[in-house]
Every structure is written in C-alpha cells, then in structure tokens.
Amino acid sequence: MVAVKRVLITGSNRGIGLEFTRQYLESGWHVYATCRRPTEAQSLHMLLELHSRLTIHRLDITQQEDINSLCQELMEVPINILINNAGVYFRKRSVGIDCIHYDNWRRTFEVNTLGPVRITEALLGNIAESTTVRLIVVLSSHMERIAEINEGDSFYYRSSKSALNAAMQGISAEMKEQEIGVLLLHPGAVMTRIGPLKGISTRESVSGMRQIIEGFTMEQTGKFFSYDGEEIPW
C-alpha cells in the first residue's frame, strides 16, 4: 500500500499558496490548505470540487486560537511537508525614515516572522509523525540580505524576513537530531497581489521551488535557494 503524502500550506487562497495547492493536488498529495477566511476562498472551493484529497482550514497565523483549533483538527495526522507561505508586504507611496508607520511594521513582524515560527512550533509533532519526508519550507526573500540594500524602502518587509531567516537557522540546527529539515526559498519576482507588475508566473515559480523541495537532502537543511535552484549566500 502506497503511503499518502501530506502537505500543509499557509496562505493557500491565492497567489503562490494557491499554486502550491494546485500542483500538489495534481501530483496526488493530500493538501491541507489554510487561509484566514475559508468561506471566501472561491478558488480553493473550485479545487475542492475536483480533488477529494483537499481539506480547507481556517488559520490566521497570528492568532493562537486559530492555531490551537488547527492542531485539534489535525491531531496525530502525519505531515510530510509544511510550507510557510503566508505573508504581508505593506507598500507606501512615501518611503524613508520620516514616514514610518510603526503599527504596520509591528504587523509585518507578527505575520512574516512570528507567524511561521508559531506554525512550525505548533506542527512539529505532526511533522515528526511522518515516516518518510519531514521538511519545513519557509518562503523568504533575497531582499533580506543587507548587502543588497541600496535604497531606503521596504523597511518592514526586509527586516521581517531577515529576522525570520535568523530564527529558521536556529530551528534548523535544533531539528537536525530529529532528521527534520528546514529549507528556505526565494520564489523570485512573481506577479502576485503583493509582487511586481512584471515578473514570472506563479506556475513557473512554484514548479521551480517544488523541484528543489523534491530533491532536498539533510545536507541542505538551513540553506537558502532561489526558485531556479541557485543557492543564495547569507
């Protein structure tokens, strides 16, 4: 009997998360798709009509109550791959030190940094239950690299991703003994709601990232790769 392969994806209702959901379903995986407002996730419900191995779950990654409910729903369910995709990117017309909105900065950290760590912590038991692949995937950005900062914008996003990468480095070191891998991925300049107007498609980005995920070995844990397979130095 072939073991069921299971993946949980945060922020599954649109963009990269939705494309991850679509591609894993097409490959025969059971997908646990999470988003903040499942009743409004029309694209996910369209996929649900086509795929019996899709379940949709309410999850705001900043709300402990939602996280606790998800853990109850998935109690003792093995998860092969956790994909931390959900994130925010607040844009402003004005940039610079004189127009910082600290509430937006704080919210960005809650979602982009603390959120993935919360979900990873909450689902470690499920990942440890897997008898095959055990992998935590985190979508980050090359924009977090201090060496690449040459203009005064994106303070919130850059700093949140830099902190996330630092946290995941620590988690990867801790998880090695349990043979649980941590893989950080840069999806590229993807044309999404929070992405650029010109760039690559979600299908191209996710297809590339899935190739990296499928080829993952524990020697790569804690490393950072672009969707095209190029390793990004810290």
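Other residues whose C-beta falls under 13 angstrom from the C-beta of Leu74 contribute a net charge of -2, scoring Lys and Arg +1 and Asp and Glu -1. 3J(HN,Hα) along the stretch 52-67: 6, 9, 10, 10, 10, 10, 6, 7, 9, 5, 9, 10, 4, 4, 5, 5 Hz, from the Karplus curve 6.51 cos²θ - 1.76 cosθ + 1.60 with θ = phi - 60°, whole Hz, x for Gly and Pro. Between Asp228 and Thr131, the distance separating the two model label sites (each 7 Å from Cα on the Cα→Cβ line) works out to 4.1 nm. Note on the chain: the alpha carbon radius of gyration divided by the globular reference 2.2 N^0.38 Å gives 0.98.
Among the lysines of the chain, pairs at least eight places apart or on separate chains and with Cα atoms under 20 Å apart come to 4.
Taken about its Cα centre, the chain carries a charge dipole of roughly 580 debye when the Cβ of each Lys and Arg holds +1 and the Cβ of each Asp and Glu holds -1. Against the main long axis of the alpha-carbon atoms of the chain, helix 15-26 sits at an angle near 20°.
Give the percent of DSSP beta bridges with both residues in the chain that are antiparallel, rounded to the nearest 5.
Of the beta bridges lying entirely in the chain, close to 5 percent run antiparallel.
Here each label is just a point 7 Å from Cα along the line to Cβ, and for Glu26 and Ser159 those points are 4.0 nm apart.
From the Cα gyration tensor of the stretch 1-127, with a ≥ b ≥ c the square roots of its eigenvalues, which class applies: rounded if a/c is under 1.5, or else prolate if a/b is larger than b/c, or else oblate?
Here the stretch 1-127 falls in the prolate category.
For n ≥ 4 DSSP H runs only, could you compute -39500 (n - 2.57) per run for the chain, divide by its residues and tell me the 222 nm figure to the nearest 500? The helix-only estimate for the chain comes to -11500 deg cm²/dmol at 222 nm.
Taking amide H positions as modeled 1.01 Å from N, with prolines and chain starts lacking one, the residues under 5 Å from His186 and 5 or more places away or on another chain are Ser140, Phe225, Ser226, Tyr227. Counting Lys and Arg as +1 and Asp and Glu as -1 over every other residue whose Cβ lies under 14 Å from the Cβ of Val182, the net charge comes to -2. Of the residues Thr21, Ile79, Met191, the one whose Cα sits farthest towards the positive end of the charge dipole of the chain is Met191 (charges of +1 on Lys and Arg Cβ, -1 on Asp and Glu Cβ, taken about the Cα centre).
Each of Ser43 and Arg203 was given a label point 7 Å from its Cα along the Cα-to-Cβ line. The distance between the two points is 1.3 nm.
Here, each number is a calculation from the coordinates, and none is a lab measurement. Just so you know, these numbers come straight off a predicted model, no measurement behind them. Here Cβ is always computed from backbone atoms with ideal geometry, including for glycine, and neighbour counts include all displayed protein chains.
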